[in-house]
Amino acid sequence: MTLLNSIPKVDKVLGWPGIKAIHGQCPRPLLLKAVRTVLAELRAEALCGDGSASGLSEQTVTGRILSAVAVARSFNLRKVVNGTGVVLHTNLGRSPLPESARQRLNDIVSGYTNLELDLQNGVRGSRYDHVEDILCELTGAEAALVVNNNAAAVLLALTSLASGKEVIVSRGELVEIGGSFRIPDLMRQSGAILREVGTTNRTHPGDYRNAVTVDTGLILKVHTSNFAIVGYTAEVSGQELVVIGKEFSLPVMVDAGSGNLVGIPDLPGFVEPTVRDLLREGPDILTFSGDKLLGGPQAGIIVGRRIFIDPLKKHPLLRAVRVDKLTLAALEATLHLYRDERQALQHVPTLRMLTVSPTELESRGKRLLRRLRKVLPTGVEVSLVAGFSQAGGGALPLLELPTTLLDVAHEGDSPQQLEKKLRGCKVPVLGRISKERYLLDLRTIPDEDVPHLVAALLSLADQN
Ligand SMILES: *Cc1c(COP(=O)(O)O)cnc(C)c1O
């Protein structure tokens, strides 16, 4: 109990010179909270017997309080180095934005904009107008609308087109995307009634035709973005669904998932049709994400025929899923790059990372290795190995991209311990462990991130 009794009181701690020194620079509630937290920790440690009297010195306790203050003042949302090789990593914020989008954000964020002002006529305008024309230009659509994300786009479209009616979907397309997006759940939320047809692996045109009743409101096709059914399979193409829709005067909607705007050359295994291709098949409405293959900010893009998009623009739900000026600024800048396909491939980071050649990755690896070998402390071993990266983000599940990996080992650390240490760095580095090796994929580490990676590896020497 003596150890417990020797833990100082809050007032006493506040009077210590090391603590007083930061009074002026730190809001008092923050300081008080840090002091109380650290004292509570000391009490808990004393009770479990893993504290020691020497751990209670003024200097040690002051140090702990100052680091608690520093932690509380640091940002929670931080830059990280993505060494996983997963290009569209939802946990890591999906698409890094193009440089031009960053510049547009810079121009827009701290001032006023014409978000809802028609500058030509000086009257109220619509925020949705800013990107509608360019979306139509790039996709061939008649009308377009942008909302918070693709999940919101699907919800809004289903609510507007099919609330209280039946929606026909193939059983092979009842997908779940990352846990919280499930087609059947979203359907329920929209008030539409799911009418499943076909089987998991095979659905035929007749399945759709037989399911149509007076209660049917819509035919929906969902892109199976994050998995593939292989083997004995059959699906009904968008084109065929449009024929069936016409036969029964029913609208046809496509949830395209990723939605890419360019044909990507030099990418073996890439067979994703562009949004323009999909629209040519004739669906009435089509939705896709802004931050998957498109490589822009989080957004849901709805394109299609005006008679179906106009009601969405007046729907009360739109207000709840609307985009802000930051999204619109970043999206507009990203879309401008797509006016020239070569520019898009070069300046949209997502596309650049997906299409970088294996030879380029290998020479990048060799450069990095030379650089690291000059500076790395003893005990840190690095080498290059060949492997594969993934597109991720629920896009292109079967695509395996040949890549170069940096194999890192640290004396005395298991790959798991090394992973934890690098994740705890000032700029956290995230890699993957495969066959008991810690690996960093160079595909998703742009040159700008290399200094952070070097700093993290150097810091391993201080952590022993
Ligand atoms: C990713 C995806 C969604 C969800 O899109 P968010 O932009 O993440 O809301 C919906 N449908 C499909 C088919 C998807 O691949």
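Here the stretch 269-312 was treated as a single set of alpha-carbon atoms; its pair distances binned every 10 Å from 0 give 24, 49, 25, 2 percent. Backbone amide hydrogens, once placed in the peptide plane, bring residue 86 within less than 5 Å of 390, excluding anything fewer than 5 places away on its chain. As I understand it, the value is the acute angle between the Cα axis of helix 325-337 and the longest principal axis of the Cα atoms of the chain; what does it come to in degrees, rounded to 10? Rounded to the nearest ten degrees, it is 70. By the count of other C-beta atoms within 10 Å, a proxy for reagent exposure, 89, 223 are ordered fewest to most as 89, 223. Note on the chain: helix-only mean residue ellipticity at 222 nm, from DSSP H runs of 4+ residues weighted -39500 (n - 2.57) and normalised by residue number, equals -12500 deg cm²/dmol. Here the mean projected area of the convex hull built on the C-alpha positions of the stretch 1-123 is 14.1 nm². With semi-axes defined as the square roots of five times the eigenvalues of the C-alpha gyration tensor, the equivalent ellipsoid of the stretch 267-388 measures 41, 18, 12 Å, largest first.
Here the label points at residue 43 and residue 200, each 7 Å from Cα along the C-beta direction, are separated by 5.5 nm in the simple model. By the count of neighbouring beta-carbon atoms within 10 Å, fewest first, 237, 160, 459 end up ordered 237, 459, 160. Normalised by the number of residues in the stretch 104-198, the average gap of Cα pairs under 8 Å and 6 or more apart makes the relative contact order 21 percent.
With 29 Å as the limit, write out which pairs from 246/325; 12/421; 9/420; 366/421 have Cα-Cα distances beyond it, or answer none. Too far apart for the 29 Å limit: 246/325; 12/421; 9/420. 3J(HN,Hα) along the stretch 314-323, derived from phi through the Karplus expression 6.51 cos²θ - 1.76 cosθ + 1.60 where θ = phi - 60°, amounts to 9, 6, x, 5, 4, 4, 6, 10, 6, 8 Hz, with x in place of Gly and Pro.
Exposure proxy ranking for 136, 425, 48, based on other Cβ atoms within 10 angstrom of each Cβ and starting from the fewest, stands as 48, 136, 425. Beta bridges per DSSP, both residues in the stretch 198-300: antiparallel share near 10 percent.
Of the cross-linked pairs 292/313; 165/313; 79/426, those separated by over 19 Å at the C-alpha level are 292/313; 165/313.
Taking the DSSP bridge list for the chain and keeping only pairs wholly inside it, about 60 percent are antiparallel. How large is the Kirkwood hydrodynamic radius of the chain, in angstrom, based on all distinct alpha carbon pairs? Hydrodynamic radius (Kirkwood, Cα only) of the chain equals 25.7 Å.
Only the coordinates and a few stated rules stand behind these numbers; no lab work does. Treat the numbers as computed from the prediction; the structure is a model and nothing was measured. Don't worry about glycine lacking a Cβ; one is built from the backbone with ideal geometry, like all the others, and counts go over all protein chains shown.
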